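Everything below concerns the one structure shown next.
The values are calculated or read from the model by the stated rules, or taken from the named source; none is laboratory data. Since we're looking at a predicted model, the values are computed, not measured. In this analysis, Cβ positions are derived from the backbone assuming ideal geometry, glycine residues included, and neighbour counts consider all displayed protein chains.
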Amino acid sequence: MANDLSSELKSVMEPDSNDSREIVVPLLTEELSVSKRVVPKGRVRVSRVTRQHEELVDELLAREYVQVERTAIGRPVDAIPAVREDGDTIIIPIVEEVLTVERRLVLKEEVRIRKIRETERYQERVTLRKQEAVVTRLPVENSAAAGNG
C-alpha cells in the first residue's frame, strides 16, 4: 500500500500541461471490518440432591389451668366486698340479700381462683430434608470448537 501511495503522489506532483500551479493530493482511508462468533468452551449440568436426616426435638411445654374452690362464709356484711388477690389467687365475693325484719348483706361464700403452671418434657423424632446443588462439567459436543479452545 505504501508503494501505491508514493507512485500516486509522484504522478500528482508532476506539472499538468494545462495548469502548472495546481497540485492534487488524494486522501485515502483504511476501513476495518470486525466480526464475532460464539465458541462454546464447556457446559455444566446443575441438579439437586435431597438428603434426609432425623433430628430430636426436645422442648419444655407450658400449660396453665385454673382451680376453682368454693368456700362457704355465711356472715353479714355492710357493703359488697371488692374483688381481691391473695398471692396467685383471685378472690371473688358472692353476696345475696336475705329478707328479714331488717335487710343485711350476708357474705355467703367466696370463689377462689388460682393459676397453676406446669411444665412437661415433649420429645419427638422428626425428619428434616436438605437440598444440595451438584454441578457436573460436561465436554463440548462440537469437535471443531473444541480444537479452537
Residue in region 52-63 that is surrounded by 10 or more Cβ atoms within 10 Å (Cβ to Cβ), at pLDDT 90 or above, farther than 30 Å from Glu141 by Cα and polar (S, T, N, Q) present: no
Failed item in (1) surrounded by fewer than 10 Cβ atoms within 10 Å (Cβ to Cβ); (2) in contact (Cβ under 8 Å) with a residue 40 or more places away in the chain, with Tyr122 passing the rest: (1)
Inter-residue pairs, beta-carbon under 6 Å, first farther than 23 Å from Leu105 by Cα and in region 66-92, second part of a strand (DSSP E or B) and of a type in the set (D, E, K, R), 6+ apart: Gln67/Arg114; Asp88/Arg114; Asp88/Lys115; Thr89/Arg112; Thr89/Arg114
Residues located in region 46-74, provided they are under 20 Å from Ile116 (Cβ atoms) and of a type in the set (Ser, Thr, Tyr): Tyr65, Thr71
Given (1) in contact (Cβ under 8 Å) with a residue 40 or more places away in the chain; (2) surrounded by 10 or more Cβ atoms within 10 Å (Cβ to Cβ), index of the condition Glu109 fails: (1)
Whichever residue in region 86-105 is closer than 14 Å to Gly74 by Cβ and modelled with pLDDT of 90 or more and, among such residues, is surrounded by the most Cβ atoms within 10 Å (Cβ to Cβ): Pro93
